[in-house]
Amino acid sequence: MVLLEHQILDWTDRLYLTLNPEDQRQLRFWPENPQTFREMLDEFARNSQQLNEILLKEMARSLGLDENCFLDQYGERPLVTGKFNYYPPCPMPDKILGVRPHADGSVLTILLQDKEVEGLQFLKDNQWFRVPIIPDALFVNAGDQAEIMSNGIFKSGVHRVVTNTERERISIAIFCIPDSEKEIKPADGLIDETRPRLYKTVKGYVGLFSEYYLQGKRTIEGALI
Ligand SMILES: O=C(O)CCC(=O)C(=O)O
Ligand SMILES: [Fe+2]
């Protein structure tokens, strides 16, 4: 998205499609070619939502919480968006990134990586670590809203995508996002004297994302108490 005149662009082309709620789908933007695309994407969306549910229940249980504790925060009409990323070969990979460092604004992101070309890296202890390719495996990462709900236990990792001069790369990211009308906050069971509440109650969180991203800031900083 180009929101500012002098914005630094990422080396990527993207297609965003809203997958859920179904009545929000804008089918005119859904490719008709190949013919199986729409049906396959519909199935992928449904399976991704199921995976999101299973993972959130297990995440809650792993912290000794009621299994629906995180899932209940999604509200009536959770949003699922699919982001199709295309990174063309880049003549100057040391000067520009495919995606600049950021953390996702979702609760969970389910990523299908390119089967052959690496590019995704995560930041840990001030060092970038490559995410290896495991063909057909899904890579799942916690986003800012998982960090908020878990009062900082599940960290929303900072990541970036590097480009290369030789080969194009593709990936599909599915972002699982609560209803924008629903308030998100740290689970009560995760707050006590030894672990004080770290985050405010937020609403419509992903709406804040672009503004922070363009300023090179982390959105979650705005949610800290
Ligand atoms: O292309 C990738 O591997 C990841 C892209 C990403 O981080 C994003 O779309 O938020
Ligand atoms: Fe991301």
Would you check which residues across region 192-225 are over 19 Å from the mean Cα position of the chain (by Cα) and of a type in the set (Asp, Glu) and list them? ASP192, GLU193
Which residues, taken from region 166-212, are within 16 Å of ligand 2 (Cβ to nearest atom), at pLDDT below 95 and of a type outside the set (Val, Ile, Thr)? TYR205, LEU208, PHE209, SER210, TYR212
Just one of (1) away from ligand 1 (no atom under 16 Å from the Cβ); (2) modelled with pLDDT of 95 or more; (3) not in a helix (DSSP H, G or I) trips up THR163, so point out which. (1)
Candidates GLU67, GLU76 - the one that is assigned to a loop (DSSP other than H, G, I, E, B), open to solvent by 20 Å² or more (accessible area, probe 1.4 Å) and either farther than 30 Å from GLY189 by Cβ or touching a residue at least 40 places away in the same chain (Cβ under 8 Å) (or both): GLU76
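Looking for whichever is within 16 Å of ligand 1 (Cβ to nearest atom), at negative phi and among the hydrophobic types (A, V, I, L, M, F, W, C) here; the options are LEU71, LEU56, LEU111. Which one fits? It would help to see each step written out before you state the result.
Values: LEU71 fails: within 16 Å of ligand 1 (Cβ to nearest atom); LEU56 fails: within 16 Å of ligand 1 (Cβ to nearest atom).
Of the residues listed, the single one that is within 16 Å of ligand 1 (Cβ to nearest atom), at negative phi and among the hydrophobic types (A, V, I, L, M, F, W, C) is LEU111.
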For residues in region 103-120 being open to solvent by less than 30 Å² (accessible area, probe 1.4 Å) and outside any loop (DSSP other than H, G, I, E, B), which is nearest to ligand 2 (Cβ to nearest atom)? THR109
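Does GLN145 satisfy being buried (at least 16 other Cβ atoms within 10 Å of the Cβ), away from ligand 1 (no atom under 16 Å from the Cβ) and in a helix (DSSP H, G or I)?
No: the conditions fail for GLN145.
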Can you go through PRO196, PRO132 and tell me which one is part of a loop (DSSP other than H, G, I, E, B), away from ligand 1 (no atom under 15 Å from the Cβ) and open to solvent by 70 Å² or more (accessible area, probe 1.4 Å)? PRO196
Enumeration of residues in region 9-58 that are within 23 Å of SER106 (Cα to Cα) and either in a loop (DSSP other than H, G, I, E, B) or in contact with an Asp or Glu (Cβ under 7 Å, 6 or more places away or on another chain) (or both): LEU9, ASP10, TRP11, THR12, PRO21, ARG25, GLN26, TRP30, LYS57
VAL162 - would you say it is in contact with a Phe, Trp or Tyr (Cβ under 8 Å, 6 or more places away or on another chain) and either open to solvent by 20 Å² or more (accessible area, probe 1.4 Å) or within 16 Å of ligand 2 (Cβ to nearest atom) (or both)? no
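The values are calculated or read from the model by the stated rules, or taken from the named source; none is laboratory data. Keep in mind that what you see is a predicted model, and the values were worked out from it rather than measured. Cβ atoms come from the backbone with ideal geometry, glycine included; neighbour counts cover every protein chain shown. Remember, those area values only see protein heavy atoms, side chains included, never the ligands or the DNA or RNA. Shrake-Rupley method; radii C 1.70, N 1.55, O 1.52, S 1.80 Å.
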